[in-house]
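**Q** Attaching a single structure in structure tokens format; questions to follow.
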Amino acid sequence: MTALAIPGLDSAPTAHQRLLEWVHEVAELTTPDRVVWADGSDEEWERLTAKLVEAGTFTPLKQKPNSFWAASDPGDVARVEERTFICSVDPQDAGPTNHWMDPAEMKATMTELYRGCMRGRTMYVIPFCMGPLDAEKPMLGVEITDSEYVVVSMRVMTRMGSKALAKFGEDADFVPCLHSVGAPLDEGQQDVAWPANETKYISHFPETREIWSYGSGYGGNALLGKKCYSLRIASVIGRDEGWLAEHMLILKLISPENKVYYIAAAFPSACGKTNLAMLEPTIPGWKVETLGDDIAWMKFGEDGRLYAVNPEAGFFGVAPGTDWHTNPNAMRTIERGNTVFTNVALTDNGDIWWEGMGEPPAHLTSWKKEDWTPDSGELSSHPNSRYCTPMSQCPILAPEWDDPNGVPISAIFFGGRRKDTIPLVTESRDWNHGTFMGATLSSETTAAAKGKVGVVRRDPMAMLPFIGYNAADYFAHWIATGKRADAAKLPKIFYVNWFRRGEENQFLWPGFGENSRVLKWAIERIEGKAAAQETPIGYVPTLADLDTEGLDASQEDLEAALKVNREEWLAEIPLIEEWFDKMGEKLPTSLKDELAALKQRLNG
Ligand code: GDP
Ligand code: PGA
Ligand code: MN
Ligand code: MN
């Protein structure tokens, strides 16, 4: 190794050779002013949050302990799917849904962007572990970044610092994750509050299990343990090793008889995962506890059941719409402090506010750092504004949330945001039919990704932006997963839609805590206790089959929410066909068969 005169570079608290070499290589390329190994201590949190306050990135909140308000650059507010690349050697392995670039070409391009990109900044080395630290094989990673905001956020979202580094030994496997905001500082140059670069790349190298991110400080683009590692790279590892990395919440449902069920649910970004994960049931006797709100890794246990682990340690939740009425448990979690709020509004007394929190105050500082009043005519908070808060603060956290064995899943829910066609809930006929439901899942686009909002697109298993390989191969992996276990031990698959609308554009289903009624029906189906109607698309409850006691909604709306509308489904078929055509030759035959059978049932 060359002796570089960068302070901190040679005080590495590890003897892991590959890690040391990589850190030297990156320091040499990016030429930071100093190198700091993140240890995850309270002292480090205090030092870095103070630095962020001084830089104008953070404003400390007066009304919440140890919590901060941040406003990003207005051009850096969401994931950038157009700039996200799967750089497999063979373009076929990125498939028809991902942006692909040759790995050598991408590395050549990005190496030039990284050259000198940390000038004037500190380079942080963050060892982290996704999932429990005491797993048989801890899933390790190291993020190198020049952003204090990233270090602080990674502390909330992952198990990081010294406790993670202790798992590295001298030669453990880890995923190298390189991140830079791409904003070098010249001598004496004044920094901005949210450094970023207009040029952005979020690149994944599936064969070598590497992640290179440049130009953005936004969560999904910059906290590389989350989407990049735990979904895109982990989905590739799961394909190779026979498990599933999914965009799913994990919740524990306890019946009035004290029977415990675990449910995993995949909804696209900003379609209700965090809310469902923390649900407060409206039906008496039922309880929910939370294990995860965004990502699930699922593997078969020795008993042949599918067990899920949440790789994360924090919630990165959508702020707008979160309130004491919709998600009281999220409110209680953030009340406890230790939370970073990004792109929400700041109140004059040093608290946060966003749309959906009741009556707006007379004056706010908007996410654009402008004066805001209720007459301003624009939103005070960005629709994709977020709170980043430790899971450990959630009052309904399940005690087994950190169990390396995970929890056995009884039901998988797929769901999207559709104003028509998709009924409130449909039970699949079997695993392959459930896989078909997931593979053809559709949803209106949201503010969680840059681009137009409200456009219906296929979002298979809510994983469209996160499958790290060929989507058709991913479907085949799902089909194969169903063959690896006894059909009776597999989770039952359901398709839900909380977002169907009526003639006045009103939501037909009240949602939120009332979704517990749908969970109850699903569990009773599993137990053979609830009835359903067989329809061309699967088993759908009639209104009488659902527990509607005390539900405040019109019978007309509820019936419309449950309706299987043949005309709407016939209009859906060509869209599914177009989607399957796009998948090409690798599309599993069993999914083609499912489509043919659906058509036949609709026309029969
Ligand atoms: P996530 O990004 O998938 O975790 O979604 P969130 O749970 O953060 O919810 C995203 C948005 O959808 C928020 O504005 C929620 O208030 C809203 N939302 C969540 N669940 C429901 C529901 O059951 N019904 C309705 N109408 N809106 C919901
Ligand atoms: P979400 O997570 O699914 O909670 O919106 C962030 C994202 O998917 O971008
Ligand atoms: Mn997500
Ligand atoms: Mn969420």
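The values are calculated or read from the model by the stated rules, or taken from the named source; none is laboratory data. If you're wondering where the values come from, they're calculated on a predicted model, not measured in any experiment. When we count neighbours, we look across all protein chains shown, and the Cβ atoms used for this are built from the backbone with ideal geometry, even at glycine. Note: accessible area is taken over every heavy atom of the protein model, side chains too, but ligands, DNA and RNA are not part of it. Shrake-Rupley method; radii C 1.70, N 1.55, O 1.52, S 1.80 Å.
**Q** Condition check: within 21 Å of LYS419 (Cβ to Cβ) and open to solvent by 60 Å² or more (accessible area, probe 1.4 Å). Does PRO541 satisfy that?
**A** Working: within 21 Å of LYS419 (Cβ to Cβ): yes; open to solvent by 60 Å² or more (accessible area, probe 1.4 Å): no.
Taking the combined requirement at face value, the residue does not satisfy it.
The rows are residues; the columns are (1) more than 16 Å from ligand 4 (Cβ to nearest atom); (2) hydrophobic (A, V, I, L, M, F, W, C); (3) within 25 Å of PRO311 (Cα to Cα).
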| position | (1), (2), (3) |
| --- | --- |
| PRO423 | yes, no, no |
| GLY434 | yes, no, yes |
| ALA449 | no, yes, yes |
| LYS452 | yes, no, no |
| TYR469 | yes, no, yes |
| ILE479 | yes, yes, yes |
| ASP486 | yes, no, no |
| GLN506 | yes, no, no |
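**Q** Now, a different point. Given the conditions (1) more than 16 Å from ligand 4 (Cβ to nearest atom); (2) within 22 Å of the chain's Cα centre (by Cα); (3) not in a helix (DSSP H, G or I), report the number of the one that MET118 does not fulfil.
**A** The single condition MET118 does not satisfy is (2).
**Q** Separate question: Please count how many residues of segment 466-489 are open to solvent by 10 Å² or more (accessible area, probe 1.4 Å), in a loop (DSSP other than H, G, I, E, B) and of a type outside the set (D, E, K, R).
**A** So the answer is 1.
**Q** Okay, next question. Do you know which of the residues in segment 452-465 that are part of a loop (DSSP other than H, G, I, E, B) and either among the aliphatic types (A, V, I, L, M) or touching a residue at least 24 places away in the same chain (Cβ under 8 Å) (or both) is nearest to GLU246 (Cα to Cα)? Lay out the reasoning, then the answer.
**A** Pass one, segment 452-465, residues part of a loop (DSSP other than H, G, I, E, B): 452-455, 459, 463-465.
Cutting the leftovers down to either among the aliphatic types (A, V, I, L, M) or touching a residue at least 24 places away in the same chain (Cβ under 8 Å) (or both) gives us 453, 455, 459, 463-465.
Numbers: VAL453: 23, VAL455: 23, ASP459: 13, MET463: 7, LEU464: 11, PRO465: 12 Å.
Among those residues, the one meeting the criterion is MET463.
**Q** Another one. Going through ALA27, ALA15, ALA5 one at a time, which residue ends up being of a type in the set (A, V, I, L, M), closer than 25 Å to GLU187 by Cα and open to solvent by 30 Å² or more (accessible area, probe 1.4 Å)? Quick ask: steps written out before the conclusion?
**A** Numbers: ALA27 fails: open to solvent by 30 Å² or more (accessible area, probe 1.4 Å); ALA15 fails: closer than 25 Å to GLU187 by Cα.
Of ALA27, ALA15, ALA5, the one residue that is of a type in the set (A, V, I, L, M), closer than 25 Å to GLU187 by Cα and open to solvent by 30 Å² or more (accessible area, probe 1.4 Å) is ALA5.
**Q** Looking at segment 292-325 only, could you name the residues that are among the aromatic types (Phe, Trp, Tyr) and within 11 Å of ligand 3 (Cβ to nearest atom)? Walk me through it before giving the result.
**A** Keep residues of segment 292-325 that are among the aromatic types (Phe, Trp, Tyr), which gives 297, 300, 307, 315-316, 324.
Within segment 292-325, PHE315, PHE316 meet the criteria.
**Q** Show the residue pairs that are 6+ apart or on different chains and have beta-carbon atoms under 9 Å apart, the first residue being within segment 326-347 and without any contact (Cβ under 8 Å) to a residue 40 or more places away in the chain and closer than 25 Å to TRP498 by Cβ, the second being open to solvent by 10 Å² or more (accessible area, probe 1.4 Å) and not hydrophobic (A, V, I, L, M, F, W, C).
**A** MET331/ASP323
**Q** Do we have MET130 as open to solvent by less than 10 Å² (accessible area, probe 1.4 Å) and either farther than 16 Å from GLY161 by Cβ or at pLDDT below 95 (or both) here?
**A** no
**Q** Also, I was wondering about something else. Take the residues of segment 299-316 that are in a strand (DSSP E or B) and buried (at least 24 other Cβ atoms within 10 Å of the Cβ): which is nearest to ligand 4 (Cβ to nearest atom)? Before you say what the answer is, go through the steps one by one.
**A** Step one: of segment 299-316, the residues in a strand (DSSP E or B) are 299-300, 306-309, 314-316.
Now narrow it down to the ones that are buried (at least 24 other Cβ atoms within 10 Å of the Cβ): 306, 308-309, 314-315.
Numbers: LEU306: 22, ALA308: 16, VAL309: 18, GLY314: 11, PHE315: 7 Å.
Checked segment 299-316; the qualifying residue nearest to ligand 4 (Cβ to nearest atom) is PHE315.
**Q** Test each condition in (1) open to solvent by 20 Å² or more (accessible area, probe 1.4 Å); (2) of a type outside the set (Val, Ile, Thr); (3) within 22 Å of ILE526 (Cα to Cα) for PRO423 and report the one that comes out false.
**A** Looking at each condition in turn, PRO423 falls short on (1).
**Q** For residues that are in a strand (DSSP E or B) and touching a helix residue (DSSP H, G or I) at 6+ places or on another chain (Cβ under 7 Å), scanning just segment 490-537, find the one that is farthest from ligand 1 (Cβ to nearest atom). Can you show your working first?
**A** Within segment 490-537, the subset in a strand (DSSP E or B) is 492-496, 501, 507, 533-535.
Filter again for touching a helix residue (DSSP H, G or I) at 6+ places or on another chain (Cβ under 7 Å), leaving 492-496.
Numbers: LYS492: 21, ILE493: 18, PHE494: 15, TYR495: 15, VAL496: 9 Å.
Looking at residues that are in a strand (DSSP E or B) and touching a helix residue (DSSP H, G or I) at 6+ places or on another chain (Cβ under 7 Å), I get LYS492.
**Q** Moving to a separate point now. Here are LEU276, LEU223: which of them is within 20 Å of VAL425 (Cβ to Cβ), aliphatic (A, V, I, L, M), crowded, with 24+ Cβ neighbours inside 10 Å and within 15 Å of ligand 3 (Cβ to nearest atom)? I'd like the intermediate steps shown before the answer.
**A** Numbers: LEU223 fails: within 20 Å of VAL425 (Cβ to Cβ).
On inspection, the qualifying residue turns out to be LEU276.
**Q** Out of all the residues in segment 254-270, which are more than 11 Å from the chain's Cα centre (by Cα) and surrounded by 18 or more Cβ atoms within 10 Å (Cβ to Cβ)? So that I can check it myself, show each step before the final result.
**A** Start the filter on segment 254-270 by keeping residues that are more than 11 Å from the chain's Cα centre (by Cα), which leaves 254-265.
Correct list: TYR261, TYR262, ILE263, ALA264, ALA265.
**Q** Out of segment 212-242, which residues are under 16 Å from the mean Cα position of the chain (by Cα) and assigned to a loop (DSSP other than H, G, I, E, B)? Can you show your working first?
**A** Going residue by residue through segment 212-242, those that are under 16 Å from the mean Cα position of the chain (by Cα) are 218-235.
Correct list: TYR218, LEU223, LEU224.
Each row is one residue, and each column tells you yes or no for (1) under 13 Å from ALA270 (Cα atoms); (2) in contact with a helix residue (DSSP H, G or I) (Cβ under 9 Å, 6 or more places away or on another chain).
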| position | (1), (2) |
| --- | --- |
| ASN405 | no, no |
| ILE409 | no, no |
| ILE412 | no, yes |
| PRO423 | no, yes |
| GLU427 | no, yes |
| THR440 | no, yes |
| GLU444 | yes, no |
| LYS452 | no, no |
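**Q** Looking at segment 317-336 only, could you name the residues that are over 21 Å from SER366 (Cα atoms), open to solvent by 10 Å² or more (accessible area, probe 1.4 Å) and within 8 Å of ligand 1 (Cβ to nearest atom)?
**A** THR326
**Q** If you don't mind, another one. Within segment 289-298, take every residue that is open to solvent by 10 Å² or more (accessible area, probe 1.4 Å) and more than 16 Å from ligand 4 (Cβ to nearest atom) and give me the one that is nearest to TRP243 (Cα to Cα).
**A** TRP297
**Q** Name, by its number, the condition in (1) exposed (fewer than 12 other Cβ atoms within 10 Å of the Cβ); (2) within 15 Å of GLN506 (Cβ to Cβ) that does not hold for LYS529.
**A** Here LYS529 meets the rest and fails (2).
**Q** Which residues, taken from segment 243-288, are in a loop (DSSP other than H, G, I, E, B) and either within 16 Å of ligand 4 (Cβ to nearest atom) or among the basic types (Lys, Arg) (or both)? Break it down into steps so the answer makes sense when it comes.
**A** Going through segment 243-288, the residues in a loop (DSSP other than H, G, I, E, B) turn out to be 243, 247, 255-259, 267-272, 278-286.
Residues satisfying the conditions are HIS247, LYS259, PHE267, PRO268, SER269, ALA270, CYS271, GLY272, MET278, LEU279.
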